[in-house]
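Q: If you scroll down you'll find the structure; I have some questions about it.
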Amino acid sequence: MFCKKCGNEIKIDDKFCAKCGTPTPALNDKWWHRLLKVFYIIAYMPLLVIIPAVWSSNKPYSYYSYYSEKNIAYGSYGEAFWYSLLTLVIYLVVLRLIKIAILYIAFGYKPEWKKQFKRLF
């Protein structure tokens, strides 16, 4: 985060700018900061639909082919598991990148990549 008066970099826990003494706003007390946290948690809800859809589209199935007169099988539970896991990881990474961008654009936080990717929420 940066000071609005002098542009000095301020740590998140600081209550005043070390250079000019301007008080920093308490972001956790703002209603819109709490609202963004709620939207971020709600953004995880589509996973409840996406993961079962990916699983069901990749689970094993077979059908009888009248042309070749034999059963033809596609997919496996292993493929369904790995595709579901890959979908979960991609979704979480994209959601985390969106959160980092919002924190940078709306709040002026410096992107802390390692810290953000270690946390789940």
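The values are calculated or read from the model by the stated rules, or taken from the named source; none is laboratory data. Note that this is a predicted model, so its numbers are computed, not measured. Positions of Cβ are backbone-derived with ideal geometry, glycine not excepted, and every protein chain shown enters the neighbour counts.
Q: Could you tell me which of the residues 101, 106 is closer than 30 Å to residue 2 by Cβ, modelled with pLDDT of 80 or more and of a type in the set (Gly, Ala, Ser)? Don't jump to the end; show me each part of the working.
A: Details: 106 fails: modelled with pLDDT of 80 or more.
The match here is 101.
Q: So which residues in the stretch 63-98 are in contact with a Phe, Trp or Tyr (Cβ under 7 Å, 6 or more places away or on another chain) and modelled with pLDDT under 85, if there are any at all? Walk me through it before giving the result.
A: In the first step, residues of the stretch 63-98 are kept if they are in contact with a Phe, Trp or Tyr (Cβ under 7 Å, 6 or more places away or on another chain); the result is 71-72, 74-75, 80, 84, 96.
Hits for the stretch 63-98 are 71, 72, 74, 75.
Q: Something else now. Starting from residues that are exposed (fewer than 10 other Cβ atoms within 10 Å of the Cβ) and not aromatic (Phe, Trp, Tyr), keep the ones in the stretch 24-40 and report whichever is modelled with the lowest pLDDT.
A: Looking at the filtered set, the residue picked out is 28.
Q: Given (1) within 26 Å of residue 119 (Cβ to Cβ); (2) part of a loop (DSSP other than H, G, I, E, B); (3) modelled with pLDDT under 80; (4) of a type outside the set (Lys, Arg), where does residue 45 come up short, assuming only one miss?
A: Here residue 45 meets the rest and fails (3).
Q: Looking at (1) more than 19 Å from residue 12 (Cβ to Cβ); (2) assigned to a loop (DSSP other than H, G, I, E, B); (3) in contact with a strand residue (DSSP E or B) (Cβ under 9 Å, 6 or more places away or on another chain), which one does residue 110 not meet, given that it meets all the others?
A: (1)
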